[in-house]
Amino acid sequence: MMRIITGRARGTKLAAPKGEVTRPTAERTKEAVFSILQFDIAGREVLDLFAGSGQMGLEALSRGAAHAFFCDRSKDAVEVIRANALKTRLAPQCEVLCADYASALQTLRRKQTFDLVFLDPPYAAGLLADVLSRLARSHLLRDGATLVCETGEGDVLANVEARACYSVERETKYGIAYVTILKYHEPKTLEEETK
């Protein structure tokens with residue numbers, strides 16, 4: 001059973017998309033992530049990519065984030081996210097897009113910037129390196145943005161083109177999941193580097 005752990009929507013039970021396609025973040029993992037982030041949520045703009053049930057973005061909103069953008073390519077998942085947003089009474093702070101990650105990032109480009117990003121792509125698909133590279137090029141991240149990456153293996157920056165834009169703040173294993181917290185650093189222009 002998934003639920004909102006704390007904040008305005010505390011205790012609200014959340015639905016999950018049916019079938020095996022979506023793998024919700026385990027309760028223990030979610031608790032650990034939000035324990036780490038607890039002082040870095042209030043007022044934040046959140047992107048929950050590969051959102052599934054939307055539980056990570058909704059938890060952030062319950063804890064004081066300003067607004068959350070949810071994206072999933074599954075129509076079933078998008079319906080569940082919308083239902084969960086209504087159930088938690090957080091819907092006015094939510095926007096939901098049914099699209100694959102590349103289309104979603106293109107749609108958001110130069111229209112929105114984020115302080116907090118949740119990335120939980122299907123483990124076997126090997127998408128994370130491409131997602132991180134696209135995010136670094138897209139102007140969607142504010143300087144100092146926090147990214148929470150849930151993967152099936154460690155070293156999330158191994159194949160990322162723009163890995164110099166990210167620093168690993170923390171990496172922990174919970175069961176089969178690795179959770180890596182990254183910080184984004186805006187690349188310096190040539191002029192800034194010569195100062």
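The values are calculated or read from the model by the stated rules, or taken from the named source; none is laboratory data. Small disclaimer: the values here were computed from a predicted structure and weren't measured. All Cβ positions, glycine included, derive from the backbone under ideal geometry; neighbour counts span all protein chains shown. Side chains are part of the model used for accessible areas, which takes the heavy atoms of the whole protein and leaves out ligands, DNA and RNA. Shrake-Rupley method; radii C 1.70, N 1.55, O 1.52, S 1.80 Å.
Go through segment 24-108 and name the trypsin sites (Lys or Arg not before Pro) that are in a DSSP coil and have 14 or fewer other Cβ atoms within 10 Å of their Cβ. Write out the running numbers ahead of the final one.
Numbers: sites: 28, 30, 44, 63, 73, 75, 82, 87, 89; in loops: 44, 63, 73, 89.
Answer in residue order: 89.
Out of all DSSP beta bridges with both ends in the chain, state the antiparallel percent to the nearest 5. Walk me through the numbers on the way to the answer.
Numbers: 16 of 35 bridges.
Antiparallel bridges: around 45 percent, rounded to the nearest 5.
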Lysine pairs with alpha-carbon atoms under 21 Å apart, the chain, spacing 8 or more or separate chains: 11
Mean residue ellipticity at 222 nm from the helices of the chain, using -39,500 (n - 2.57) per DSSP H segment of n ≥ 4 over the full residue count, to the nearest 500 deg cm²/dmol? -8000 deg cm²/dmol
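Counting only protein heavy atoms and using a 1.4 Å probe, what share of the accessible area of segment 35-81 belongs to carbon plus sulfur, as a whole percent? Provide the component values of the computation, followed by the final result.
Numbers: 730 of 1620 Å².
Carbon-and-sulfur percentage of accessible area, whole number: 45.
Considering only protein heavy atoms and a 1.4 Å probe, what is the carbon-and-sulfur percentage of the accessible area of segment 93-161? List each step's numbers first, then the result.
Details: 1350 of 3030 Å².
Answer for segment 93-161 is 44 percent, counting heavy atoms of protein chains only.
Rounded if a/c is under 1.5, else prolate if a/b is larger than b/c, else oblate: which is segment 62-110, with a ≥ b ≥ c the root eigenvalues of its Cα gyration tensor?
Values: a/c = 3.12, a/b = 1.34, b/c = 2.32.
Oblate, since a/c reaches 1.5 and b/c is not below a/b.
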Measure out, as a whole number of angstrom, how far apart the alpha-carbon centroids of segment 1-56 and segment 61-118 sit. 12
Classify segment 60-149 as rounded, prolate or oblate from the Cα gyration tensor: take a ≥ b ≥ c as the square roots of its eigenvalues, call it rounded if a/c is under 1.5, otherwise prolate when a/b beats b/c and oblate if not. oblate
Of [x] 31, 19, 15; [y] 26, 18, 17; [z] 34, 30, 14, which one was derived for semi-axes √(5λ) of the Cα gyration tensor in Å from the structure shown? [y]
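Return one whole number: the accessible area per residue of the chain in Å², for a 1.4 Å probe. Don't skip to the answer; put the middle values down first.
Details: 10010 Å² over 195 residues.
Per-residue value: 51 Å².
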